[in-house]
Every structure is written in C-alpha cells, then in structure tokens.
1. For the stretch 48-142, list the helices (runs of 4 or more DSSP H) that sit wholly inside it and hold at least 1 residues that are in contact (Cβ under 8 Å) with a residue 40 or more places away in the chain and either at negative phi or buried (at least 16 other Cβ atoms within 10 Å of the Cβ) (or both); which are they?
2. Would you say residue 96 is modelled with pLDDT under 95 and β-branched (Val, Ile, Thr)?
3. Residue under question is residue 2, and the condition is that it be of a type outside the set (Gly, Ala, Ser) and either surrounded by 16 or more Cβ atoms within 10 Å (Cβ to Cβ) or touching a residue at least 24 places away in the same chain (Cβ under 8 Å) (or both); does it hold?
4. If I ask for residues that are surrounded by 11 or more Cβ atoms within 10 Å (Cβ to Cβ) and without any contact (Cβ under 8 Å) to a residue 24 or more places away in the chain, which ones from the stretch 164-173 would you list?
Amino acid sequence: MICYVIASFLIDLKLLKSSRKVVTFTVSMIVAGLFFEYSGILPHLPDALRGAINFYLISRQSQIVTAFLCGIIAYQLKDIIPYSAKLFIVSVVVCIFAAFMLDEFQTTKVITRVILLPALTYITMFIGLTPIKLPKLLKRGDYSYGVYLYHFPLLQLVVCVFPTLCLVKGTGIFFAFFVGLPFIFLVAGLSWHFVERPILSLRKKFSFVARIRGVEESK
C-alpha cells in the first residue's frame with residue numbers, strides 16, 4: 001500500500017516523466033535513512049515521529065519501498081541499462097555472498113540495501129527478459145499471479161514445519177526455496193484452472209471496457 005501511495009505521489013507531481021527526479025527522490029530517501037540510522041538523533045525524537053522515520057526509512061519493511069523505486073528507475077533507464085550476462089553473474093555473486101556472509105541484522109541496514117537491491121533488480125530484469133524454455137506443463141496456464149500471490153504464505157508454512165533447517169544461516173534459504181517451490185506451483189496451478197481462469201472467462205460478459213475493446217473470452 002505504501003508503494004501505491006508513493007506511485008500516486010510521483011504521478012501527481014509529474015516526477016515519473018523524469019528519471020533524474022525519481023533517482024533524486026530515491027537517493028534522498030536513502031541518504032535520510034543513513035542519517036537517522038547513524039546520527040544517533042533518532043532516540044531523541046518524539047515517539048510518533050521516531051516511529052514514522054523508522055518505518056519508512058530504516059526498518060526492514062522499508063526495504064520494499066527502495067526496491068519498488070529501483071524497479072521504477074530500471075524501467076525508466078531501460079534504454080541505457082545493458083543486457084549483460086556478466087552483470088547478471090556479478091549481481092548473483094553479490095547476492096550469494098550476502099546470503100552466506102551477512103546475518104539478518106546486517107542485511108536490513110540501509111547501507112546494505114544500496115548494494116543488494118540494485119543487484120536483485122538487475123537479476124529480476126535479466127531473467128524476465130531472457131527467453132527460457134519451459135516444460136509443457138507450465139505452458140498450460142498463466143501461473144505467474146498465483147506464484148506471486150501464494151508464495152509468501154506457503155514459504156512461511158515451510159518455515160513453520162521445518163524451522164531448524166530453514167533458519168540455518170546461508171543454506172536455510174535454499175532449503176526453503178527448493179522445498180517450497182513445488183507446493184507454490186501446485187497451488188498456483190490450482191488457482192489458475194479453478195479460480196482465475198473461470199473468472200477471466202466472464203470478463204467480456206460483465207466488463208464494459210472489455211466489450212468495447214473486443215476482448216475475447218479466455219479459452
């Protein structure tokens with residue numbers, strides 16, 4: 001919800017028309033987070049202000065805001081950012097190093113996200129733009145939304161069932177990923193075939209915009 005609010009803010013102020021302005025906005029948030037994280041002034045501020053600054057600029061939850069802004073910047077600079085396997089490998093190495101060498105406290109530091117989030121953004125872009133031959137099973141439907149929607153609760157379930165193995169520093173995240181992945185795709189597939197697809201097949205009947213644009217019913 002915070003990211004949607006920020007997106008509305010950027011649109012209303014017409015900042016999205018300029019990548020330089022979005023970069024400036026993002027850098028300003030990071031600099032402010034660094035200032036309040038290391039200056040020692042935060043404990044002396046009123047409770048409400050301290051809580052807001054911590055939540056929006058410093059906390060682990062605030063990382064998603066920075067990641068969201070990195071995604072916007074990456075899209076705006078799509079004609080400049082190179083599609084490079086070497087950059088992809090470097091980004092992967094950076095993230096693997098962080099997974100094995102940094103603990104949870106260190107990875108939530110504002111200074112750490114300056115390095116990790118651009119790397120993760122590039123990895124996401126590179127994989128998304130790379131043609132990948134998928135098994136026929138995965139071509140039978142659009143499971144992307146289901147994966148996005150259900151991955152978090154299902155991974156949390158895996159952690160609850162196997163807490164010792166999932167919380168091991170460095171290797172725990174890989175265990176959770178490979179154990180949780182089959183369940184995520186299973187639930188995403190069920191969601192597509194029994195929930196999403198039937199509902200989408202009704203859109204032409206109930207959507208005025210779909211009728212005007214001539215959107216065909218999902219097959």
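1. It comes to 63-76, 85-101, 110-129.
2. yes
3. Answer is yes for this residue.
4. Residues satisfying the conditions are 165, 166, 167, 168, 171, 172.
The values are calculated or read from the model by the stated rules, or taken from the named source; none is laboratory data. Just so it is clear, the model here is predicted, and its values are computed rather than measured. FYI the Cβ positions are ideal-geometry reconstructions off the backbone, even for glycines, and counts take in every protein chain you see.
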